[in-house]
Each structure stands twice: as structure tokens, then as C-alpha cells.
1. Report the per residue volume, in Å³, of the convex hull enclosing the C-alpha atoms of region 69-275.
2. For region 172-276, what ratio Rg/Rh do Cα atoms give with a Kirkwood hydrodynamic radius?
3. Where does region 77-184 land on Rg/Rh, using Cα atoms and the Kirkwood Rh?
4. Take the Cα of R234, step 7 Å along the line toward its Cβ, and report every residue of region 103-124 whose backbone nitrogen sits under 20 Å from that point.
5. Towards the positive end of the charge dipole of region 69-275, with charges on Cβ (+1 Lys, Arg; -1 Asp, Glu), say which of F242, T70, F188 has the farthest Cα.
6. Any idea of R223's accessible area? Nearest 10 Å², probe 1.4 Å.
Amino acid sequence: MTPEPAPTLKQLLAFYLEAGVDCALGDEPVNRLAELEPVPAAPPREVAPPRATREPPLAAAVPRSEIAITPDAAIASAREAARTAPTLEALRTLLENFDGCALKHTATRLVFADGNPEARVMFVGEAPGRDEDIEGLPFVGRSGKLLDRMIAAIGLDRGKAYIANVIPWRPPGNRTPTPQETQVCLPFIQRQIELVNPDVLVTLGNPSTQALIGTREGIMRTRGKWFDYDTGTRVIRAIATFHPAYLLRSPSYKRMSWQDLRAIAKALGQQGSSSS
Ligand code: URA
């Protein structure tokens, strides 16, 4: 068999881009498959000096921001912080200062929300992508253009809808957020929903539906059904539909999404437009 020619640099970059790798996290590549350096043998244990002359404990010498926070502690601190935000602006500021989610450090900026905080309908996606990370607004890329058309189909526009994501920072290379990242960010989007207090909540795609509505079933089964979403202060009508990115890949599902949009328009007492 003739061996395949080695790819050119251009082909390699195109491959990475196609695979979603479109940002560098460090200046030098890290070979994670390389053999680990042998760990040097531990030096013999020193006998601790008498109590009065002992150095302060290590944690006291390390700045607070550098102490690694455990996943459970990050989730607990997210819950505690989100609860205290009295307004959307306060919630945004809390997120800007929150250090419990590592995605913040790889993302360019926080993607908090777009649209009208007084809107009667709120759409929630999964996490920002590359375009959103650059602009700092949710759903501005290709799937955002389709979301705009979906919103127009219920007779509205971004000025009359509110849009956010479960995760407000772009995962590197658009990878799927880990369950822990979702759990850490969940209290913030839950508080955001409570503060916007829409009449209808629309979850876009499986991840946001499972995170917010708590269903275990896939989007094929959950879409188009109404759920009660309890904010703690009010029960909101919630409905799941396909994520616009999924509709771009599988346009044949647009027909079903159109049915969901008509149900949303009806719940809002809104005239939907006559074309999909
Ligand atoms: N996909 C999402 O789920 N959210 C965005 O903001 C963009 C794409």
C-alpha cells in the first residue's frame, strides 16, 4: 500500500478548524502523551520544629485567588452568589467577578445576554461559540441568524425577546461543557430567568433543556411539550425546541420546529408569521 502523503500545514490547520480547534491556549504545544518525568524520591521527612517557631501554614502564604477551589465548593459559592443578585446588572457584575468556572479564563469575554429584559419570552441556549465570544453577545453567528428568523416567525424580534445561555463563557474550541461546568453556571442562569421573569421560557436543544427542565429524555421526545418551570417565586410555562445549530445541520426538522414556534406564539397570544 502506498503511504498517504503527509498533510501540508494548510491542510492541517483546515483540519483543526473543522474539528473546532480555533484558538491557542499556550505558546508552546504540550505533548500530553509523552512519558511523565519520573517523580524524584521524597526527601527524608524532617522533624517538625517546636510549635512556637513553626512557619505559618502554607495556605496562609498563598494568595486567596491561587487556592484551587473544589468543584463542590465552586457550585456552593455559585448558588450563594447568584441568590444575592437583586438585579440583572448585579448578576452580570457577580459573574464578571466569579472565579469558580475555569471557562472564564479561556474565553475572551463574558456573554451575558441580549434583547429586552422586560420581554415576555426568554430563549436559552447552551454556550457561546466563537462569534459570540468575540462580540460578547449570544447567538450572533450563523445559528443566531436562524434564531432571529425563528423569533420573527412568532412576530417578534430581539427588541421583544430576551436571549441567554446556560454557560456564559465559550468553552475552548467549542467543546461540550463538562457536567461540572454546567452545574457551576446553573445557579446564575436560574437567577437570570427569575429576574427576567418571562411568561414563556424556551430552551434551545438538549443541553439547556436537560439542565433547566431536568428531563433525561432527548430533544426528540421533549420538544413541543409544555413544562412547568418553577423559579422559586413563580411557575413559568416552559417549552423545548431544537437548537438552531441543529436545524442548520438537519433542515428537515425545521417543520417540527415551526410547530413549536406556533405553540409559543399561541401561548403569548401572538400572531405568528405565515412562513417558516
Ligand atoms: N449556540 C448557543 O447555544 N449559544 C450561542 O450563543 C451561540 C451558539
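1. Details: hull volume 22.6 nm³, N = 207.
It comes to 109 Å³ per residue, whole-number rounded.
2. Details: Rg = 14.4 Å, Rh = 14.8 Å.
Using only Cα positions, Rg/Rh for region 172-276 is 0.98.
3. Numbers: Rg = 13.9 Å, Rh = 14.4 Å.
Radius of gyration relative to Kirkwood radius: 0.97.
4. Counting only backbone N, you get 113-124.
5. Of F242, T70, F188, it is F242.
6. About 40 Å², rounded to the nearest 10.
The values are calculated or read from the model by the stated rules, or taken from the named source; none is laboratory data. In this text the structure is predicted, and so the values were computed from the model without any measurement. With ideal geometry, Cβ positions are generated from the backbone for all residues, glycine too; neighbour counts draw on all protein chains shown. Note: accessible area is taken over every heavy atom of the protein model, side chains too, but ligands, DNA and RNA are not part of it. Shrake-Rupley method; radii C 1.70, N 1.55, O 1.52, S 1.80 Å.
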